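Let me begin by handing over the structure; questions about it come next.
The values are calculated or read from the model by the stated rules, or taken from the named source; none is laboratory data. Every value quoted in this text rests on a predicted model; they were computed, and no experiment measured them. Note: ideal-geometry Cβ built from the backbone for every residue, glycine included; neighbour counts use all protein chains shown.
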């Protein structure tokens, strides 16, 4: 077995900012990715009693170059990226500062193991009396404040980024509450550290600082305020804060930002309408921020879809035509990806002199990594078959090329045969694939899996030996990948199986491959297969 040496890992971190206390997670680039969940074999383990966390909840995948993606593994309660619920089994790029929510935790995706917040709040926990405002207070808003809120709604929803949203929000907040200082803050850790998105403080009020008790109350999802006459810490007194308020901006159940307001020097008594305005403003700003984040996530998804569509189109270029005639052989082949790009391939090569080489391969796993290995394997195998015109030599050459280059968890099962009309023989190698069937005109079938060898990429030095069989007059050979056999019915209880494949092909006379795919789609009640699927039929 080859020795796989790792390169310098790509490290990122998941830093908890909300939920029960857990340690930050380190994300190290590995070929298989990192699975987060509560099952013991998960790479990133959450407590076993976390009932809203699936056993295998979400996976983080890296290409080894600091580019990370996240994919929900069909979890029951879902995974949220910046407040947007991810579609199961669809990869989404991650960016610095993204909020990942796995109920009841919220994590920040970060390149630093310990974020350095732009500011630390003043620790007045337990020393300052903080009052929360009823979430229903916003329904009582009247008069000028209602007009101001309605006036500002358009500005909030027209914001093209967080900075523009923050500027509009600060302007509305200071006008509506009478509090002179304002800042839109992003939680940076679970200990009162914050990053400042935008701020408006009077220069005469000295150094900017914030009440931690106020921030932590808002971080729990409640509008919080400090009013004159209530117990406050010495630090609040020294900052001459006479009134302060903190409004959470929420993405679903996640507090993504906090609008901090205060007044320093001179008494200011906020009215009940001020509290109502703050609650309503928080709701409007949360909707605007959620819309902004949703657009950003949708834009990422569209970019990924465009790239995958382009990759899928390019991948089809290397596959042969669906129908190929090399007399006396007629070959029909079709490959469909379970997602955009696939890990299956087939090839048909005219070797002249009445010989044709036919190959089918299936890379372990799915997605981009499988498709890249598929492309490399198919291309090298094509060249090796043309050069050697010998299945065993070609397979050994491909394995020597692929094995040192493939990730430790990736390999390729393959079946390769050379049909010779002059010698009336088929010489084939089965490298761990096994799904090749010879059928005679009278309906007898033989599985072409003799002398099965290891899949490509498992070991550097593998010796393959070809098996030779006589071709019966009027016979056929059918090759399929396991994506067809393992497709489940609409209820998810039963697989399609090899017996159904053989029955479909036995009763089809014009295009058995097309009939086979139609039968599988009907069986699964879907046009989206759960795995890559390929079928090749050779007639003579």
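Could you list, in sequence order, the residues of segment 74-88 that are surrounded by fewer than 18 Cβ atoms within 10 Å (Cβ to Cβ), touching a strand residue (DSSP E or B) at 6+ places or on another chain (Cβ under 6 Å) and assigned to a loop (DSSP other than H, G, I, E, B)?
Of the residues in segment 74-88, the ones surrounded by fewer than 18 Cβ atoms within 10 Å (Cβ to Cβ) are 74, 76-77, 85, 87-88.
With the extra rule that they be touching a strand residue (DSSP E or B) at 6+ places or on another chain (Cβ under 6 Å), the set shrinks to 74, 88.
Hit for segment 74-88 is 74, nothing else.
Oh, and also: Can you tell me which residue within segment 101-112, out of those that are part of a loop (DSSP other than H, G, I, E, B) and closer than 16 Å to residue 68 by Cα, is nearest to the chain's Cα centre (by Cα)? Please lay out each step first, then the result.
Keep residues of segment 101-112 that are part of a loop (DSSP other than H, G, I, E, B), which gives 103-104, 111-112.
Those left that are additionally closer than 16 Å to residue 68 by Cα: 111-112.
Values: 111: 18, 112: 21 Å.
Taking the candidates together, the pick is 111.
Okay, next question. Which residue pairs have Cβ atoms under 7 Å apart, sit 6 or more places apart or on different chains, and have a first residue in segment 265-293 that is on the phi > 0 side of the Ramachandran plot and a second that is modelled with pLDDT under 90 and not in a helix (DSSP H, G or I)?
Going by the 7 Å Cβ cut-off, the qualifying pairs are 265/240; 266/242.
Consider residue 382 carefully, then state whether it is crowded, with 23+ Cβ neighbours inside 10 Å and either within 37 Å of the chain's Cα centre (by Cα) or assigned by TED's automatic domain parsing to the domain that holds residue 69 (or both). Explain how you work it out, then say what you get.
On the way: crowded, with 23+ Cβ neighbours inside 10 Å: no; either within 37 Å of the chain's Cα centre (by Cα) or assigned by TED's automatic domain parsing to the domain that holds residue 69 (or both): yes.
Taking the combined requirement at face value, the residue does not satisfy it.
So, residue 183, is that one at pLDDT 90 or above, farther than 19 Å from residue 293 by Cβ, buried (at least 20 other Cβ atoms within 10 Å of the Cβ) and in contact with a strand residue (DSSP E or B) (Cβ under 7 Å, 6 or more places away or on another chain) or not?
When the stated conditions are applied, residue 183 passes them.
Got at least one residue in segment 434-444 being under 34 Å from the mean Cα position of the chain (by Cα) and at pLDDT below 90?
The answer is yes, given that some residue of segment 434-444 is under 34 Å from the mean Cα position of the chain (by Cα) and at pLDDT below 90.
Now a separate question. Looking at segment 96-129 only, could you name the residues that are at pLDDT 90 or above and either surrounded by fewer than 19 Cβ atoms within 10 Å (Cβ to Cβ) or within 18 Å of residue 220 (Cβ to Cβ) (or both)?
Across segment 96-129, the qualifying residues are 99, 101, 103, 104, 105, 106, 107, 108.
Sticking with this one: Mind checking whether some residue in segment 471-487 is without any contact (Cβ under 8 Å) to a residue 24 or more places away in the chain, farther than 16 Å from residue 360 by Cα and either assigned by TED's automatic domain parsing to the domain that holds residue 374 or under 28 Å from the mean Cα position of the chain (by Cα) (or both)? Walk me through it before giving the result.
First, the residues of segment 471-487 that are without any contact (Cβ under 8 Å) to a residue 24 or more places away in the chain: none.
Checking segment 471-487: not a single residue is without any contact (Cβ under 8 Å) to a residue 24 or more places away in the chain, farther than 16 Å from residue 360 by Cα and either assigned by TED's automatic domain parsing to the domain that holds residue 374 or under 28 Å from the mean Cα position of the chain (by Cα) (or both).
Residues that are touching a residue at least 60 places away in the same chain (Cβ under 8 Å) and in contact with a strand residue (DSSP E or B) (Cβ under 8 Å, 6 or more places away or on another chain): which strands (runs of 3 or more DSSP E) entirely in segment 335-452 hold 2 or more of them?
Values: elements: 344-352, 355-363, 412-420, 425-431, 436-439, 445-447.
So the answer is 344-352, 355-363, 412-420, 436-439.
Does segment 26-35 hold any residues that are part of a strand (DSSP E or B) and over 18 Å from residue 111 (Cβ atoms), and which are they? Talk me through it step by step, then tell me what you get.
Within segment 26-35, the subset part of a strand (DSSP E or B) is 26-28, 34-35.
Within segment 26-35, 35 is the sole residue that qualifies.
Only one of these conditions is not met by residue 221: (1) at pLDDT below 85; (2) part of a loop (DSSP other than H, G, I, E, B). Which number is it?
Unmet for residue 221, out of (1) at pLDDT below 85; (2) part of a loop (DSSP other than H, G, I, E, B): (1).
Name the single residue that is surrounded by the most Cβ atoms within 10 Å (Cβ to Cβ) among those in segment 488-506 being in contact with a helix residue (DSSP H, G or I) (Cβ under 8 Å, 6 or more places away or on another chain) and in a loop (DSSP other than H, G, I, E, B). Give the derivation first.
Within segment 488-506, the first condition is being in contact with a helix residue (DSSP H, G or I) (Cβ under 8 Å, 6 or more places away or on another chain), and the residues that meet it are 488-490, 495-498, 500-501, 504-505.
From what is left, the residues that are in a loop (DSSP other than H, G, I, E, B) are 489-490, 496.
On the way: 489: 14, 490: 11, 496: 22.
Among those that are in contact with a helix residue (DSSP H, G or I) (Cβ under 8 Å, 6 or more places away or on another chain) and in a loop (DSSP other than H, G, I, E, B), it is 496.
Are any residues in segment 455-487 surrounded by 15 or more Cβ atoms within 10 Å (Cβ to Cβ) and assigned to a strand (DSSP E or B), and if so, which ones?
Here is the first cut: in segment 455-487, the residues surrounded by 15 or more Cβ atoms within 10 Å (Cβ to Cβ) are 455-458, 462, 464, 466-467, 469, 471-472, 475-485, 487.
Those that are surrounded by 15 or more Cβ atoms within 10 Å (Cβ to Cβ) and assigned to a strand (DSSP E or B): 456, 467, 469, 476, 477, 478, 479, 480.
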